[in-house]
1. Are any residues in the stretch A:343-379 under 20 Å from the mean Cα position of the chain (by Cα), at the interface with chain B (Cβ under 8 Å from one of its Cβ atoms) and of a type in the set (S, T, N, Q), and if so, which ones?
2. Counting only residues that are within 7 Å of another protein chain (Cβ to nearest Cβ) and surrounded by fewer than 19 Cβ atoms within 10 Å (Cβ to Cβ), how many does the stretch B:426-436 have?
3. Hey, among the residues in the stretch A:28-68 that are assigned to a loop (DSSP other than H, G, I, E, B) and within 14 Å of chain B (Cβ to nearest Cβ), which one's nearest to the chain's Cα centre (by Cα)?
4. State the number of residues belonging to the stretch A:8-25 that are part of a loop (DSSP other than H, G, I, E, B), at negative phi and out of contact with any strand residue (DSSP E or B) (no Cβ under 8 Å at 6 or more places or on another chain).
5. Check A:Thr154 against each of (1) assigned to a loop (DSSP other than H, G, I, E, B); (2) closer than 21 Å to B:Gly421 by Cβ; (3) touching a Lys or Arg at 6+ places or on another chain (Cβ under 6 Å) and name the one condition it does not meet.
6. Kindly state which helices (runs of 4 or more DSSP H) lie completely within the stretch B:121-209 and contain at least 1 residues that are surrounded by fewer than 24 Cβ atoms within 10 Å (Cβ to Cβ).
7. May I ask you to verify whether B:Glu401 is surrounded by fewer than 19 Cβ atoms within 10 Å (Cβ to Cβ), touching a residue at least 40 places away in the same chain (Cβ under 8 Å), more than 7 Å from chain A (Cβ to nearest Cβ) and not aliphatic (A, V, I, L, M)?
8. Among (1) surrounded by fewer than 23 Cβ atoms within 10 Å (Cβ to Cβ); (2) within 16 Å of the ligand (Cβ to nearest atom); (3) of a type outside the set (Ser, Thr, Tyr), where does B:Arg334 come up short?
Amino acid sequence: MMAAEAPSDEAGLAAQIAAARAAREPLLIAGNASKAPMLRPVQAARTLSTRNLAGITLHSPAELVLSARAGTTLSEIEEALAAHGQHLIAEPPDLHVLLGTESAATLGGTVAANLSGPRRIAGGAIRDHVLGMRAVNGEGTAIRSGGRVLKNVTGLDLCKLIAGSFGTLAVMTEITLKVLPAPERTGTVAIAGLDAAAGVAALAAALGSPYAVSAAAYLPDGAAEALPGLAGLAVHPGVALARIEEFAPSVAYRSERLAAALGRFGAARVIEDAESRPLWRTIRDALPLAAGLAESDAVWRISVPPSQGPRLAAAAAAVGGRWFLDWGGGLVWISAPADEARHRSITEAASAAGGVWTLLRAPASLRPGLTALPPLSPTLERLTRRVKAAFDPAGILNPGRMYAGI
Amino acid sequence: MIALPEPKAAVVARREAILADLARLVGPDALVSEPHCLRAYETDGLAVYRQPPLAVVLPSTTEEVAALLRYCKAEGIRVVPRGAGTSLSGGALPLADAVVIGLMRMNRILAIDYADRVASVQAGVTNLGITGAVSTQGFFYAPDPSSQLACMIGGNIAMNSGGAHCLKYGVTANNVLGLTIVTIEGEIIRLGGTHLDAAGYDWLGILTGSEGQLAIVTEVTVRILRSAEGSRAMLAAFRSNEVAGACVAAIIGSGIIPVALEFMDRPAIHACEAFAHAGYPLDAEAMLIIEVEGSPAEQEDLMSRLGEIVGRFDPLGLKIATTAEESAAIWKGRKGAFGAIGRISPDYLCMDGVIPTSQLSSVLHRIGEMSRSFGLAVANIFHAGDGNLHPLILFDANDPESMAKAEKFGAEILKLCVAVGGCLTGEHGVGVEKRELMGVQFSAADLEQQRRVKSVFDPDWLLNPSKVFPLGATPPVIHAA
Ligand SMILES: Cc1cc2nc3c(=O)[nH]c(=O)nc-3n(C[C@H](O)[C@H](O)[C@H](O)COP(=O)(O)OP(=O)(O)OC[C@H]3O[C@@H](n4cnc5c(N)ncnc54)[C@H](O)[C@@H]3O)c2cc1C
């Protein structure tokens, strides 16, 4: 049985870390553990959770800022924003179905994993929207970086390092985000009957158009089954989808123009707001892969130059995997039966395409032996170890979560 | 005046030998050592500080930068990286014992890929040079500092520069995908690439805005965006700063995020109008420049929504451009603002504090009071949507008393920004100018954590010393496993 602490204030959390540091006892850092299957398992006798550090501490709609304690759930934040017609710019996914965990992703966990959804290509990553944070480093010292204003270049931006560091540098206790008005209307231009190469070319044309496309995905027919808005469309071999989010008249105008501009790729259907919204939630949460996932499957999330998406799709197909593309081809979701040989061929294909990969889940027996992120060059490994030591000299925060031995 | 550290006497004494070594490393034509030539590098955009360096070198390749840094590290010589020298915070100010490494010869565009929407360039390419290289295809590089004709992308990375359009398109950090950096050890590291969200710790994020403290940037890969169908500006004049500030809040609250939302107060309006004859309303206390994008019909729709909102705030005047020329005329005064202020005052200091936008009118009111008590005029121009103030303090640098007062006034404004929940600098950086104010914004523990990250990259603190961090503290030592 693992000992679990869940302090309800920052001082309590800092005291736990200071004690662990004095005892040189590693801690597993978690929010609600909805992302526990991601990356590598942590060997620690004790868990330190931020789940009781909860609640929105500031929402100033006219200033476009929201602050919340790290353990606040994303759904609570999304509801509070929606009440004022606002949203999270990065559209972070809810991966609990894909990962087979409880739903209740926290803000802290989402920022620690730097997880962003379809709007990433137009609005930036969630890390881009972190204006400031409070955190406790591996010595139990509370630190603050950034602030609550929209622009800030004062000093080194430690928020950038801590966001995406999976709890290995410091434990975030409160985070301030930039937020934006939610769009009045959305619409999606769909072109079916395209293979991956043509689909990604269509998405590149869409993203290179002046119509401010806010999301661009390609799904092969297997993955596109049962997607909202596609009923009656002859999808095979796949469908390219481009989203517009604007005021209502602009959505009407831009989707029509975009459909015309993409005419050379095929006939387009415009999916209206009511179906466009659930369509992109399904893509955001990678549900096309989650359906039919077996315990023995692994899932990879791969970021490549968009034009390389089809190459990764081919690599996935070659090992019997299922896949789909987001981010105009630049985000490749793959699932396949887990084994070392498949892991090698998929990750090698990602590296060869000039991209990076994250192992999102794999059977417990295989996880300790698999690299979860691209291996570091000797110079980057040295810098990584030094940054780790600068925040967590005793190496007690989530050791091994990202890289074995760090 | 802010103090510069004592030059290392041992380094200065070896100057001739060091010059010979530098000439060997980069070739004599890339070495600047004559006193009258060094004068060209003695200052940057914060011209009240001047200090010629030991020498300037102008490498042409990443390998030359690596050789130079390896040499400086071995010899214990301080290094000041330099782009175009437009820093407004003294970020590129030399030191008497430092070698300035100027990146201006590294000015090639390396690759442009429209399908993946990225451009790779050397650090000495100007900001506008990137847009210039892609504009024939209808693309642009989004962050647009007013200095974009001169400032270089390496300097933009170092300062995490913003511009009038970053409310919509983000600042430099949001548009960078890859960097080639050289560490003080002379190691060449390629970070990121042409994909989003590089793996591992966010090296791109910590380097962007690091003000030359961590490494020298030699190559940069940025996202390029397709331009909107068109854009149009509107000018709205108001009876008070309060009303203009309330109008800004109402615009944002309505769900419209204009591509630009610029605020000018009465002194700024008068200075810019006298200089640019842009047709600005001289009877107004405050004015906003608001820009929207889209097709002509979309612009029309947004302008009518905005016109309705502005109308609720009893405007003194409202001018909606109907042609590109009229838009350009509205921007003309704002774009020439620094030159305009330069005409009415021998010198000015440009502050760069940021405040929560709800504090706008009370902060402008306080700045007005301070202006009267210091006896120095101030003009306010700023990015209203994001609360990034640019109070321009007018003074005379030939008068030491005026200069001392201006610096004190500036510091008081920045302390006020922090006190109302804001920060010292939104886009110009800490540099040498705001170094000693860091303790106003950060606790000792916050600063110590930043110093440790500095030591991770630069254990001997040779890179751009005496900037960003208050002088006096000993560099932390990092013991990595
Ligand atoms: C008239 C005027 C208007 C301005 N408007 C804006 C504005 O709208 N928005 C804004 O954000 N800024 C603005 N600035 C400030 C300035 O232009 C920016 O900070 C710019 O990014 C500096 O670029 P530079 O090439 O001139 O860099 P420099 O001034 O040469 O250097 C700036 C800093 O970067 C470091 N550095 C330079 N190159 C490198 C490199 N390759 N690797 C590592 N470190 C490096 C230097 O050591 C220094 O600390 C303005 C300045 C002026 C004079």
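The values are calculated or read from the model by the stated rules, or taken from the named source; none is laboratory data. Because the structure is predicted, anything quoted here is derived from the model rather than measured. Here Cβ is always computed from backbone atoms with ideal geometry, including for glycine, and neighbour counts include all displayed protein chains.
1. Once the filter is applied, which keeps residues that are under 20 Å from the mean Cα position of the chain (by Cα), at the interface with chain B (Cβ under 8 Å from one of its Cβ atoms) and of a type in the set (S, T, N, Q), the stretch A:343-379 yields only A:Thr358.
2. Within the stretch B:426-436, residues that are within 7 Å of another protein chain (Cβ to nearest Cβ) and surrounded by fewer than 19 Cβ atoms within 10 Å (Cβ to Cβ) number 0.
3. Within the stretch A:28-68, the match that is nearest to the chain's Cα centre (by Cα) is A:Met38.
4. Summing the residues that are part of a loop (DSSP other than H, G, I, E, B), at negative phi and out of contact with any strand residue (DSSP E or B) (no Cβ under 8 Å at 6 or more places or on another chain) in the stretch A:8-25 gives 2.
5. So A:Thr154 meets the others, but not (3).
6. Filter on the stretch B:121-209 gives B:127-134, B:166-169, B:203-207.
7. Details: surrounded by fewer than 19 Cβ atoms within 10 Å (Cβ to Cβ): yes; touching a residue at least 40 places away in the same chain (Cβ under 8 Å): no; more than 7 Å from chain A (Cβ to nearest Cβ): yes; not aliphatic (A, V, I, L, M): yes.
In short, no.
8. The single condition B:Arg334 does not satisfy is (1).
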